[in-house]
């Protein structure tokens, strides 16, 4: 009996392999290759340019952790921008907050949005919220054209190669600073401390030269390289470590808790050393 | 050009694959298949019965985290037992504590010890400490035959199949309770919360019926299934959460820190739910 496996070379020397029961979709969009496969271990899997983006079974970790730390740090987030994140998972978490009046999704590849709606409806569910404005646009351009407008900007990018390369550039973080209100917060996914240590060091230093408060935190995502993932926050005024549990507004979650909000900033020594 | 890869099916549906430059050793011992390969990503890799045991590059996480939480929780650990752990990594961490007068390694398979000494000398280094007593014996039998003797017992086992099956049994934890002094602490590796959730629930409940204080904590180990690993503590008197930073004796480490000592007990909600 033959078996079908999805295998991703996460680095030149490391891979993950997942048994699949079905290939649901495959296409070449204007920007990237988009595949959707059904895995036995993690359910439906969205693949962009041969890299795991998200799966039904572990997506909650990434989407909660890229959203709730910043959203619960800001006392009253009304206008939120997600750059990338076409699957809709970050938006789904953001619209859990009643304070949100407008959430803009700036995704460059409209096909990612459509494919996610079709094959990952639980992740894309938030996109139909009336407060959400889905825009198929270049997020870098959008950020550059808006000043002093957003409470929170989430950079939910793919790997720093291909269409997302510019989302890891210092110039982009400067634009984000200007697009944020005077008490705004940005958060970006910043790869694995076991693998992308140079990138983590560089991005942290870049954001730290722009924002008065810079923090790195970690979460466990089994389908991403090494299973350990980092997020970097730049904040103009509010320190995520200073938030009281009583101020945390939304914890209808499967990973995030008020205790997790604090504990994820306690870094293993080798990770803390990357930020020196 | 051909390439050599080590691929482990971590579950029926999930695998890790590592490019290797060399197969250093392979044998069938009395108890299991032992392989040592040189990987590009993680350095030298020890494989038992086809499962990653430890690698040069990420072993520090597992060995520090199975040792220092308990060792720093106990105010004066003098006599320590490691069941399994033939590579010597846990012993290496234990002998960092000047209070330790005797550390016994009870490893059932002497070949694991010899192979580790030869191919993983940095991990096995602690085995030559004069306070260490290496015994090639059945750890279950050893624990059963000793009463009220140990300050700390570390269960550094392989997966709960094959030679290590008995190391996950409630009867064994009862024997450990009796082998510990009146203020003793046990810690066991208890697999991944993303994959082995039934085992984690069962072991936590078993230990919780025997010990007055039971705690689960987590660490990030890239080469283990899902990258997220759990450890379960049973303690007769000292609560790892009650230790003050000023009481922590040893932090010459690459992962463990006093802040990590606390933060690793903050569990993601889906993990906390496993313990209810």
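Descriptive notes on the structure:
- Restricting the range A:20-31 to residues that are within 25 Å of residue A:164 (Cα to Cα) and free of Cβ contacts under 8 Å to residues at least 60 places away in the same chain, the residue that is surrounded by the most Cβ atoms within 10 Å (Cβ to Cβ) is A:26.
- Once the range A:1-10 is narrowed to residues that are exposed (fewer than 15 other Cβ atoms within 10 Å of the Cβ) and not in a strand (DSSP E or B), the residue that is nearest to the other protein chains (Cβ to nearest Cβ) is A:3.
- Residues in the range A:32-52 that are in contact with a helix residue (DSSP H, G or I) (Cβ under 8 Å, 6 or more places away or on another chain) and either in the same structural domain as residue A:188 (by TED's automatic domain parsing) or surrounded by fewer than 24 Cβ atoms within 10 Å (Cβ to Cβ) (or both): A:32, A:34, A:36, A:44, A:49.
- Filtered residues of the range A:238-257 (kept if touching a residue at least 40 places away in the same chain (Cβ under 8 Å), in contact with a helix residue (DSSP H, G or I) (Cβ under 8 Å, 6 or more places away or on another chain) and within 11 Å of chain B (Cβ to nearest Cβ)): A:251, A:253, A:254, A:255, A:256
- Residues that are over 16 Å from residue B:234 (Cα atoms) and part of a strand (DSSP E or B) within the range B:124-166 comprise B:132, B:133, B:134, B:135, B:136, listed in sequence order.
- Subset tally (residues that are within 18 Å of the chain's Cα centre (by Cα), surrounded by fewer than 20 Cβ atoms within 10 Å (Cβ to Cβ) and over 12 Å from residue B:207 (Cα atoms)) for the range B:164-194: 2
- Note on the range B:25-47: among residues that are assigned to a loop (DSSP other than H, G, I, E, B) and within 13 Å of residue B:112 (Cβ to Cβ), the one that is farthest from the other protein chains (Cβ to nearest Cβ) is B:30.
- Scope the range A:226-255; condition crowded, with 22+ Cβ neighbours inside 10 Å and within 12 Å of residue A:70 (Cα to Cα); matching residues: A:231, A:232, A:233, A:234, A:235
- Only one of the numbered conditions (1) in contact with a strand residue (DSSP E or B) (Cβ under 6 Å, 6 or more places away or on another chain); (2) free of Cβ contacts under 8 Å to residues at least 40 places away in the same chain; (3) surrounded by fewer than 21 Cβ atoms within 10 Å (Cβ to Cβ) is violated by residue A:206, and that is (1).
- Criterion: over 20 Å from residue A:219 (Cβ atoms) and more than 12 Å from chain B (Cβ to nearest Cβ) - qualifying residue of A:88, A:50, A:84, A:15: A:50
The values are calculated or read from the model by the stated rules, or taken from the named source; none is laboratory data. In this text the structure is predicted, and so the values were computed from the model without any measurement. No Cβ is skipped: glycine too gets one built from the backbone with ideal geometry, and neighbour counts run over all protein chains shown.
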